[in-house]
Amino acid sequence: MAFDAEPYSDEYFEGLHRVTAFAARERKWRERNRDIVRLADPAADKVVLDLGSARGDVCFLLAPRVRKAVGIDASEKALEIAEVERAKRSVENVRFVKGDVADLDPIPDGSIDVAGAFDLLEHIDDATMRQMLGALRRVLRPGGVFVAYTPNRDHYVERLKAHGLILKQFPEHIAVRRPRQIARILEEEGWRLLEMTYSPAPFPVVRWIERLLWRAPGIGRLFRYRILVRAAPKAERIAG
């Protein structure tokens, strides 16, 4: 089982994605949602899988835009919160299942159009990520894609956190990766990188500075706040 329950208390899930005056401004979640919708490219005939769905926020975001949204999580508490919210919203095309992203056992073969790891990759180690990519081959339909939204280890804030300078890393973030590390794992596991783009920090002024600098030679990588990925299985690996 890839899921380690220890860092994920009930309080962790209860407070997840809560808007506060300081640490989690409304703009942050609004822009995150914008990036998720763009990556998922929802349509009325699509089935979307949210990997590590936690409270179900992404499923509820995408539900009005897709045929079905499925969330998978290994935490009983997360699933309980998500189910309560689903009932409160009376959403009929959202389903939550208990399972490990490393094997996706509850998800039927060839049933998913888009599988999304939204703020998930930083929570799983390389071995789990590789297992998950293998399991995704089974559950994706022909033409299906894997998309991800994750912090960028190259960004100056993540560099400070990594060295414990001024800021501390979240204990749940065990594998904040650089873009090249993500690209390498995808390549080694037989995936074709369709797109790798970036999103700036959502904070006023800072966002404009980052947008100005993130293409600058040498230092640009320091100002790319979030990594946005779209990938598809290579045909030869599917056939094999």
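Observations on the model:
- Any chance K77 is over 22 Å from T150 (Cα atoms), part of a helix (DSSP H, G or I) and free of Cβ contacts under 8 Å to residues at least 24 places away in the same chain: no
- Test: residue in segment 220-230 that is modelled with pLDDT under 90, within 30 Å of G110 (Cβ to Cβ) and not in a loop (DSSP other than H, G, I, E, B): no
- Which listed residue is open to solvent by 10 Å² or more (accessible area, probe 1.4 Å) and β-branched (V, I, T), from V147, V139, V176: V176
- Within segment 105-126, considering residues that are among the hydrophobic types (A, V, I, L, M, F, W, C) and touching a residue at least 60 places away in the same chain (Cβ under 8 Å), the one farthest from P151 (Cα to Cα): I112
- Segment 80-93, subset β-branched (V, I, T) and in a helix (DSSP H, G or I), residue surrounded by the most Cβ atoms within 10 Å (Cβ to Cβ): I81
- R130, sole failed condition from (1) farther than 30 Å from W214 by Cβ; (2) surrounded by fewer than 22 Cβ atoms within 10 Å (Cβ to Cβ): (1)
- Filter result for V58 (at pLDDT 95 or above and in contact with a strand residue (DSSP E or B) (Cβ under 7 Å, 6 or more places away or on another chain)): yes
Let's see how each residue does on (1) charged (D, E, K, R); (2) within 28 Å of P200 (Cα to Cα); (3) open to solvent by 10 Å² or more (accessible area, probe 1.4 Å); (4) part of a loop (DSSP other than H, G, I, E, B):
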residue: E31; (1), (2), (3), (4): yes, yes, yes, no
residue: R34; (1), (2), (3), (4): yes, yes, yes, no
residue: L39; (1), (2), (3), (4): no, yes, no, no
residue: P64; (1), (2), (3), (4): no, yes, yes, no
residue: G71; (1), (2), (3), (4): no, yes, no, no
residue: R95; (1), (2), (3), (4): yes, no, yes, no
residue: I107; (1), (2), (3), (4): no, no, no, yes
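- Scope segment 109-123; condition open to solvent by less than 20 Å² (accessible area, probe 1.4 Å) and in contact with a Lys or Arg (Cβ under 7 Å, 6 or more places away or on another chain); matching residues: I112, V114, L121
- R153 among the basic types (K, R) and crowded, with 16+ Cβ neighbours inside 10 Å: yes
- Unique match (being in contact with a strand residue (DSSP E or B) (Cβ under 6 Å, 6 or more places away or on another chain) and hydrophobic (A, V, I, L, M, F, W, C)) among V91, V157, V101: V101
- The single condition among (1) aliphatic (A, V, I, L, M); (2) touching a Pro at 6+ places or on another chain (Cβ under 9 Å); (3) modelled with pLDDT under 90; (4) closer than 20 Å to D35 by Cα that V205 does not satisfy is (2).
- Of everything listed in (1) open to solvent by 20 Å² or more (accessible area, probe 1.4 Å); (2) among the acidic types (D, E); (3) within 14 Å of the chain's Cα centre (by Cα), the single unmet condition for D50 is (1).
- Matching residues in segment 1-51 - criterion: being in contact with a Lys or Arg (Cβ under 9 Å, 6 or more places away or on another chain), modelled with pLDDT of 95 or more and β-branched (V, I, T): V37, V47, V48
- Residue count for segment 182-229, restricted to those that are open to solvent by 10 Å² or more (accessible area, probe 1.4 Å) and of a type in the set (V, I, T): 5.
The values are calculated or read from the model by the stated rules, or taken from the named source; none is laboratory data. Note that the structure is predicted; figures quoted are calculated from it, not measured. Neighbour counts are summed over all protein chains in view; Cβ atoms, including those assigned to glycine, are modelled from backbone coordinates with ideal geometry. Calculation scope for accessible area: heavy atoms of the full protein, side chains included, ligands and nucleic acids excluded. Shrake-Rupley method; radii C 1.70, N 1.55, O 1.52, S 1.80 Å.
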